[in-house]
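Have a look at the structure below, then the notes.
The values are calculated or read from the model by the stated rules, or taken from the named source; none is laboratory data. All values reported here derive from a predicted model rather than from experimental measurement. Here Cβ is always computed from backbone atoms with ideal geometry, including for glycine, and neighbour counts include all displayed protein chains. When the accessible area is computed, the model is the full protein with side chains, heavy atoms only, and any ligands, DNA or RNA have been set aside. Shrake-Rupley method; radii C 1.70, N 1.55, O 1.52, S 1.80 Å.
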Amino acid sequence: MRVSRLRVAGAAALVLVAVAVRLRAGPLPDGLLDFQNVESTDIVDRHGEALYEARSGDGSRASWLAASSLPSTLVDATIAAEDHRFFRHPGIDPIAAVRAALRNLRYRRVLEGGSTITQQVAKLLLARHAAPGARRTAVTKLREAVIALRLEHRFSKRDILALYLNLAPYGNQLSGAGRASRAYFGHPPSLLTLAQAAFLAALPQRPSAYNPYRDATRARRRQERVIARMRALGTLSAEQAREASDERLALSREPAAFIAPHFVERVLLAAGSDRPRRIQTTLDAELQREVEGIIRVERPSLERHGAHNVAAVVLDNVSGEWLAWEGSGDYADAAHGGAIDGTVVPRQPGSALKPFTYALAFEGGASPATVLPDVASYFPTAQDGVLYSPRNYDGQFRGPMLARRALAGSENVPAVALASRVGVPNLLRFLRAAGFSTFDKSAAYYGLGVTLGDAEVRLDEMVAAYAAFARGGVAIRPTMVRRPAPPLEWPLVSPRTAFWITDILSDADARAYAFGRGGSLEFPFAVAAKTGTSQAYHDNWAVGYTRAVTVGVWVGNFDRRALTGSSGVTGAGPIFHAVMLAAMRHVAGALPPSGDRATVALPAQTARVRVCALSGMAALPWCPTLVDEWLAAGAESPGCAWHRATPRGVVVDWPAEYRAWASTERLLDRAVAAPLRVPPAAAPRAKPPIQRAPVELRVMNPPDGAVYLIDPTLRSEFQRIGLRATSAANSRIEWRVDGSPVGTSEVDGALDWPLAVGRHVVTASDSRGRRADAAIVVK
């Protein structure tokens, strides 16, 4: 019998040991010690100024203390406040549990829990994985006790204490003593005084009740009890306790920094879930505040034009770092989508995209002296029978134009003609190489209108592409985060092309005929700038650069409401001007000296040549107007073939594509300069008279079967076509549309007719009674 009892007792003892071993050495729940995203992330600008603190995974402000760096004052205060037998119990404290139970029973309410620091760590770890609002039951508390035992088996006491000090709540959405120390006292835990350490140790028990910002007196009484407890435990001497009690705590309030919210959101998105404790960005917080202030000053003017949203960015051309990034003009303006980041929202750039067509043409052999046609033109489209006839902003045609004036004045018709020459497929490949990600469709989809900006692009990509010109033709991939590695760079265009584009865009004289002088694109130093206005006036842009920075501004409405009487010059232009001045002061330290023209270094592959202002060819003695223009170094430039000296003066032999325009402007066979006395040896050989065969009456414009599309970018008074016919009879042409008379014109002259939607028959009649018809469709 006795042997049986011993066996039973032994078996029971073994079972108890097995249970004890299992309780203490068993596995922890999967993922319990996964500390990914337990710290908040400080986003700072390039100089270390706080932009934003991104909360940890549980939504708190937290920072992590290493077990080896726990301050002794904080350790002693925490043990006195929470668990003075911490270093002697195995994870649970039966004495504390019994004492707490008796006290709660005596007062018939829960006054203390008796949990050890290790049990509280278990509770905090489990809470990170529990469902929101989950209740703590008796089973939950039992599980916490088991996990406490297992934590004690795996970790040292100091490691467990570090877990507690990092996970415990300290009120005001602060987790961990490290973050709480910075929030309440403005310095790290290593600098805590005894009084400050006791104050922090008092908070986790009831962080809401002891909130010092809400009830400083209550928090102070709790701190005094912790100090008294430390004195009773012998942690403090009487003198130290008295000094700690007498110390007056000065609590600080951290400002809720949220500078450049759109920028910060993109930085956090790029960082992902496994983000570091601190991210130093490229942003210049001071410049950012200036940009926001500029937009606030311009707000009344913008609202008069019906514009509620503004995006503006500044890029450092040397490093490729974003210095300023404003996405909407007012992040808090929920009524107008203020949280939307307009810098990455694709919108139509209008004429701001034209420089890339010219750059591609310059790469293919054209130059600023290349002559382009600004005449009524018709281009085939991907749709059979539909012709594209571009118009300029003011509805005028200016005939032959040198590329410099055409680009500087932002004329539409020459840009489309140039796009037709380089080819839309080639232009799209070039735009993609420049970094534009939005051109994802075929050339047939975009058509020639792509050069006028009728497709959508992102402001940040537009600015980065312009920066390639400022960098001598080398593109760069911008960054938002300071990086030790060199930036990604690649050649986009030659230094000569970059110089030519820059020289044209910074030439205030060349654009004066279209934009006047003294506007927002002019500076006391060289700035290459371009504006753009989209179809139906929904968006306007201003983009420009110096050698140091590139600035881009977009103005419009996220809901695509049209603006009222606003273009890139009047809407985005003033903001662009002010931001450029601010950016130059911040990057260069001061504005460049007045008259400084060194935007891009002069490359060796270009030479200044005197050319005819009309033909762009090398000037001859009888060319009436001469200009100095850049050409490729060593390029052969033929003498002007347009101007011819005659006894009655200098006349122009107009190329065929300009004859109709010249006739309308009454320039055909007209001397453009006084008679010249040309020495006989140098006199040009007279050309035999041209024998013209009789021409029957024929409608030259519009072509029969043409389809016209109403252009939403132009005002109604500019939606016209020139009716033109040829006839053997030297008489006036009478015009009718759908049988109704609309006016008369001279032979080879033109009569403007306003487009009207529908199918029409255009009829021309001459003095001999002959007539000719052309059927057209206007959509």
Difference of contour (0.36 nm per residue) and Cα-Cα distance, Arg277 to Val777
173.5 nm
I'd like to know which of Leu418, Tyr545, Pro741 lies farthest towards the positive end of the charge dipole of the chain, counting +1 on Cβ of Lys and Arg and -1 on Cβ of Asp and Glu.
Tyr545
Let a ≥ b ≥ c be the square roots of the eigenvalues of the Cα gyration tensor of the range 132-174; is it rounded (a/c under 1.5), or, if not, prolate (a/b larger than b/c) or oblate?
oblate
Carbon plus sulfur, as percent of the 1.4 Å-probe accessible area of the chain, comes to 54
List the residue ranges in the chain for DSSP H helices whose C-alpha atoms run 18 angstrom or more along the long axis and whose Kyte-Doolittle average is -1.0 or above.
2-25, 94-107, 138-154, 285-304, 573-588
Estimated inter-spin distance, Val481 and Ser442, nm [label 7 Å along Cα→Cβ]
4.0
Cα-based Rg of the range 118-216 per 2.2 N^0.38 Å, rounded to two decimals?
1.17
Contact order relative to length for the range 584-673, counting C-alpha pairs under 8 Å separated by 6 or more residues, stands in percent at 20
Where chymotrypsin sites (Phe, Trp or Tyr not before Pro) fall in DSSP loop in the range 27-66, at most 16 other Cβ within 10 Å
Phe35
Relative contact order for the chain, counting Cα pairs under 8 Å that sit 6 or more residues apart, in percent
9
Candidate values (1) 39.6, 150; (2) 28.6, 85; (3) 30.1, 108, label of the one derived for Rg and Dmax of the Cα atoms in Å
(1)
How much accessible area per residue does the chain have, in Å², with a 1.4 Å probe?
47
How much length would be gained if the chain were fully extended between Arg610 and Glu286, taking 0.36 nm per residue of separation minus their Cα-Cα distance, in nm to one decimal?
111.9 nm
So how far, in whole Å, is the C-alpha centre of the range 222-249 from the one of the range 327-395?
73
Under 8 Å for C-alpha pairs, at least 6 residues apart: give me the relative contact order for the range 360-421, rounded to a whole percent.
39
Percent of C-alpha pairs per 5 Å bin, the range 480-538, short to long
4, 13, 18, 14, 14, 16, 12, 6, 3, 0
Where does the chain land at 222 nm, in deg cm²/dmol rounded to the nearest 500, when only DSSP H runs of n ≥ 4 count, each adding -39500 (n - 2.57), divided by all residues?
-10500 deg cm²/dmol
Shape verdict for the range 423-547, please, from the Cα gyration tensor: rounded (a/c under 1.5), prolate (a/b greater than b/c) or oblate.
oblate
Rounded to the nearest 10 Å², what accessible area does Leu249 have for a 1.4 Å probe in the complete protein model?
50
Could you tell me which chymotrypsin sites (Phe, Trp or Tyr not before Pro) in the range 241-339 are loop residues by DSSP with no more than 12 other beta carbons within 10 angstrom of their beta carbon?
none
